[in-house]
Amino acid sequence: DNKKMRTENHLRHVESMATMPSGACNISHLNAVILGDALATEENDLIFPSHDFSSQAHVPSTDKYLEMYKRSIEDPAGFWSDIASQFHWRQKWGDQVYFENLDVSKGPIKIEWFKGGITNISYNCLDRNVEAGLGNNVALYWEGNEPGFDATLTYTQLLHSVCQLANYLKDIGVGKGDAVVVYLPMLMELPITMLACARIAAVHSVVFAGFSAESLAQRIIDCKPKVVITCNAVKRGSKVINLKDIVDAALVESAQSGFSVEACLTYENQSAMTRENTKWKEGRDIWWQDVIPKYPTNCAVEWVDAEDPLFLLYTSGSTGKPKGVLHTTGGYMVYTATTFKYAFDYKPSDVYWCTADCGWITGHSYVTYGPLLNGASVIIYEGAPNYPNPGRCWDIVDKYKVTIFYTAPTLVRSLMRDGDEYVTRYTRKSLRVLGSVGEPINPSAWRWFFNIVGESRCPISDTWWQTETGGFMITPLPGAWPQKPGSATFPFFGVQPVIVDEKGVEIEGECSGYLCVKSSWPGAFRTLYGDHERYETTYFKPFTGYYFSGDGCSRDKDGYHWLTGRVDDVINVSGHRIGTAEVESALVSHPQCAEAAVVGVEHEVKGQGIYAFVTLVQGVPYSEELRKSLMLTVRNQIGAFAAPDKIHWAPGLPKTRSGKIMRRILRKIASRQLDELGDTSTLSDPNVVDQLIALADC
Ligand code: WTA
């Protein structure tokens, strides 16, 4: 009953705040423009969908949204089973559509959706679409780093490639529940591998191919895969990156810690490196091209329970050890497909490009599974978005007539800095919907994206979600309501976001606080691999009864949500989540580093930059060389994307008398807000602060 009451409260809340494009709405005081009519300027707070756009959209009005949203909250079982029924199930789920306990005081946290339902997500992405007549449609368009290199796979061809790899995996003894670690760049072989694992119920664990050997080794040791799948090298921009060397080093390291990987399947990426130049270990390494094409192009599906694991994806938390986020099959399938369809207003005529790498959750849910479940044509781009020049993205948009373009604010800001002429050189006339993910998009980047890239014709779906949530949580539905530049707007169906204060009390109306979610949704992660206790402690203990996102959020008087960034010790650099503790532990592993404290600072392009305070071992002098060597240590231990933007020499760190580092003060020093240092009298040595300030620009 308590739950019912909370649900009712929530609905009232959303309804009272939902903004109506017409009629008696509480937004009449705002200046508005209509999609396609005018540019979004600073005076215009609201951008309405045009009649044309709305009338053809899956959700054409706020009223329709409210009706669907209401049902999804009042009757989650009915709402989601209706949607789930559109997929192929070998056997339907049991009477109980879902089970949830999100309250630690009532027992272990547990979330289940469609339990007892038997299905396979690879079947639903491929066989189901081929049977529906989409076999000759393009599933994947691959665009190489070098302009002019490209390839395509139809749904039938993709199915065949997936089956060949699946047969190989079965042949070497990979079976249901076995882990497969994947370390591949954006080649078609990456989604092929994910789908092949899913086909035989193996659990893929994709590691972003920008992680270092040590990070890869750490993940291999944690999930103990039967096989690692990689390629010899990749070209990104003008650089060749030798991935096989990184994998070799990781495999040596993992063997030294007692776990040996028996097989390393290696794709020969000829445009980057030939076989002859690739280091090889006989008996362990196998060339993909030598074995996979010999296998049959059909492979029976391993049917699984909806709650059987689909994949593991490691993500950063506030301690040094990455967390293995575990997603299961049925709920994730239904959720990614549905969010994709509605948030991008996907239609069969669309051509879709998401610039994210499959090594991150965005590439899992919205390069591979969500779009393919919808039978979409997806672009996979191997290279750097500004190679050979900052016009490349728009070149690709025109080449494939992309209609939906989904990217990260960091790329928007960097292209914005390169100048409009790179954009306007191309027509971009196919574009219909734009999307943003990874961090809050600042209003000026939003307006540039909207005005210049989309020529004020395309709504922007600013999707807030996380590795843990599996799919979109707060997102515009582009035909349903007006947008505000920089706001992720309203919750997706079935999602009940709440803002709580530090005591965990829900705050209503215009407010800001910690963003939590009450009740489960089908795409939610089910545990942290091998550490259910950490799952409960990190996400469900901070505020009893809720899932805690780790993000701050404010809600304005019209009910729009504005994400304000992480409130824990995680920084978001170019949309990549990096734990400060991970960078600190890499720094202190350097023999000349005594102590390190890392904070995030505002960065013009990356959103946040990494700012590291480093205390050296007694007697070691500061030097440029040492600075470089510290940077290199972080690159080697985590990856280049985690290298600090600034190393600030610190004779000492500001600590309380009990020895706790006062990060609040470090953040102020890092952002040079020196008049906002606040009370420093509780520090064990207040002089430390003056010393730090004196060394700020050394
Ligand atoms: C941030 C990426 C504001 C947020 C999908 C979250 C965002 C973290 C947005 C998850 C957005 C993601 N607006 N912030 N539209 N999207 N974030 O797990 O801090 O790599 O907690 O998932 O990115 O990062 P993750």
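Which lysines have a Cα less than 23 Å from the Cα of Lys668, not counting those fewer than 8 places away in the same chain?
Partners within reach: Lys606, Lys646, Lys655, Lys660.
Ordering Leu411, Leu683 from largest to smallest accessible area (1.4 angstrom probe), what's the sequence?
Details: Leu411 25, Leu683 0 Å².
Ranking Leu411, Leu683 by accessible area, largest first, yields Leu411, Leu683.
Could you give the length gained by full extension between Thr680 and Arg635, i.e. 0.36 nm per residue of separation minus their alpha carbon distance, to one decimal place?
That works out to 12.8 nm of additional length.
log₁₀ I(q)/I(0) of segment 451-570 at q = 0.24 Å⁻¹, via Debye over equal Cα point scatterers, no solvent, to two decimals?
-1.51
With point charges of +1 on the Cβ of Lys and Arg and -1 on the Cβ of Asp and Glu, referenced to the Cα centre of the chain, which listed residue (Val378, Ile452, Ala612) lies farthest in the positive direction of the dipole?
Value: Val378.
Hey, with R₀ at 51 Å, roughly what FRET efficiency would Asn277 and Ser318 work out to, going by the Cβ-Cβ distance, to 0.05? Show your work: numbers first, answer last.
Values: r = 41 Å, r/R0 = 0.81.
Plugging the Cβ-Cβ distance into 1/(1 + (r/R0)^6) gives 0.80.
Taking a ≥ b ≥ c as the square roots of the eigenvalues of the Cα gyration tensor of segment 68-208, is the shape rounded (a/c under 1.5), prolate (a/b larger than b/c) or oblate? Don't skip to the answer; put the middle values down first.
On the way: a/c = 1.98, a/b = 1.63, b/c = 1.21.
Note, shape of segment 68-208 comes out prolate.
Any idea of the accessible area per residue across segment 68-172, 1.4 Å probe, to the nearest Å²? Walk me through the numbers on the way to the answer.
Numbers: 4500 Å² over 105 residues.
Spelled out: the 1.4 Å probe surface of segment 68-172, per residue, equals 43 Å².
Could you give the DSSP H helices of the chain that reach 18 angstrom or more along their long axis (alpha carbon positions) and whose average Kyte-Doolittle hydropathy is no lower than -0.5? List each step's numbers first, then the result.
Details: long enough: 2-17 (23 Å, -1.68); 155-171 (24 Å, -0.09); 243-256 (20 Å, 0.51); 330-343 (20 Å, 0.13); 624-637 (20 Å, -0.78).
Flagged H segments are 155-171, 243-256, 330-343.
Between Gln96 and Lys4, take the C-beta separation as r, use R0 = 25 Å, and let me know the FRET efficiency to the nearest 0.05. Working shown, then result.
Values: r = 17 Å, r/R0 = 0.70.
The pair Gln96/Lys4 has a calculated efficiency of 0.90.
In nanometres, what is the gap between the two model label sites at Lys557 and His532, each 7 Å from Cα along Cα-to-Cβ?
4.8 nm
Which residue, chosen from Ile172, Ala488, Gly359, occupies the Cα position most advanced towards the positive end of the dipole of the chain, where the dipole is computed from +1 (Lys, Arg) and -1 (Asp, Glu) charges on Cβ about the Cα centre?
Going by the Cα projections, it comes out as Ile172.
Beyond 20 Å, what share of the Cα-Cα pairs of segment 536-602 remains, rounded to the nearest whole percent? Could you put the intermediate results ahead of the total?
Details: 1061 of 2211 pairs.
Result: 48 percent of Cα pairs exceed 20 Å.
Taking 1 over the mean of 1/r across every pair of different Cα atoms in segment 210-278, what Kirkwood radius in Å do you get?
On the way: mean 1/r = 0.0806 Å⁻¹.
Hydrodynamic radius (Kirkwood, Cα pairs) of segment 210-278 is 12.4 Å.
Taking the Cα centre of segment 383-530 as origin, work out the dipole magnitude from +1 charges on Lys and Arg Cβ and -1 charges on Asp and Glu Cβ, in debye rounded to 20. It would help to have the intermediate numbers written out before the result.
Working: 15 positive and 14 negative charges, 131 e Å.
Using Cβ point charges on Lys, Arg, Asp and Glu, segment 383-530 gives about 620 debye.
Using only alpha carbons, build the gyration tensor for the chain and give me the equivalent ellipsoid semi-axes, biggest first, whole Å.
Working: eigenvalues 248, 232, 142 Å².
Semi-axes, largest first: 35, 34, 27 Å.
Counting only Cα atoms, I'd like the Rg/Rh figure for segment 351-390, Kirkwood definition for Rh.
Radius of gyration relative to Kirkwood radius: 1.02.
Ranked highest first by the average count of other Cβ atoms within 10 Å around their residues, in what order do 590-603, 89-102 fall? Write down the numbers at each step before the final one.
Values: 590-603: 19.4, 89-102: 15.5.
Most protected by this proxy first, the peptides run 590-603, 89-102.
Do you know the Lys pair count in segment 233-377 for C-alpha distances under 21 Å, with sequence separation 8 or more or different chains? Please report the intermediate quantities before stating the final value.
Details: Lys235/Lys244; Lys235/Lys279; Lys239/Lys279; Lys244/Lys279; Lys244/Lys281.
Step by step, the pairs that qualify in segment 233-377 add up to 5.
To the nearest 20 Debye, how big is the dipole of the chain about its Cα centre, given +1 on the beta carbon of each Lys and Arg and -1 on that of each Asp and Glu?
Numbers: 66 positive and 80 negative charges, 128 e Å.
With Lys and Arg at +1 and Asp and Glu at -1, about 620 debye.
Show that you can apply the helix-only estimate: for the chain, add -39,500 (n - 2.57) for every DSSP H stretch of four or more residues, divide by all residues, and state [θ] at 222 nm to the nearest 500.
Working: 21 runs with 196 residues, N = 698.
Value at 222 nm, helices only: -8000 deg cm²/dmol.
If you build the convex hull over the alpha carbons only and average its shadow over all orientations, what do you get for segment 59-100? Give it in nm² to one decimal.
3.7 nm²
So what's segment 386-459 giving for Cα Rg divided by 2.2 N^0.38 Å, two decimals? Can you show the working numbers first?
Working: Rg = 11.1 Å, N = 74, 2.2 N^0.38 = 11.3 Å.
Compactness ratio reported: 0.98.
Along the Cα-to-Cβ line of Ala694, 7 Å from the Cα, sits a label point; which residues in segment 574-614 have backbone N less than 18 Å from it?
In segment 574-614, the label zone of Ala694 (backbone N under 18 Å from the point 7 Å along Cα→Cβ) covers 614.
Under a 1.4 Å probe, what is the accessible area of segment 517-666 per residue, stated in Å²?
Working: 5690 Å² over 150 residues.
Accessible area per residue, segment 517-666: 38 Å².
What percent of all Cα-Cα pairs in segment 479-550 falls in each 5 Å bin, counting up from 0?
Here the calculated profile for segment 479-550 is 3, 14, 22, 22, 18, 12, 6, 3, 1.
Keeping the other protein chains in place, figure out the carbon and sulfur percent of the accessible area of segment 416-473, with a 1.4 Å probe. Provide the component values of the computation, followed by the final result.
Values: 950 of 1840 Å².
Here it works out to 52 percent.
Let's see if you can work this out: charge +1 on each Lys and Arg Cβ, -1 on each Asp and Glu Cβ, no other charges. What is the dipole magnitude of segment 453-505 about its Cα centre, in debye to the nearest 20?
Working: 3 positive and 5 negative charges, 34 e Å.
Its charge dipole is roughly 160 debye.
The values are calculated or read from the model by the stated rules, or taken from the named source; none is laboratory data. Keep in mind that this is a model prediction, so the values were computed, not measured. All Cβ positions, glycine included, derive from the backbone under ideal geometry; neighbour counts span all protein chains shown. Surface areas here come from the heavy atoms of the whole protein model, side chains and all, with no ligands, DNA or RNA. Shrake-Rupley method; radii C 1.70, N 1.55, O 1.52, S 1.80 Å.
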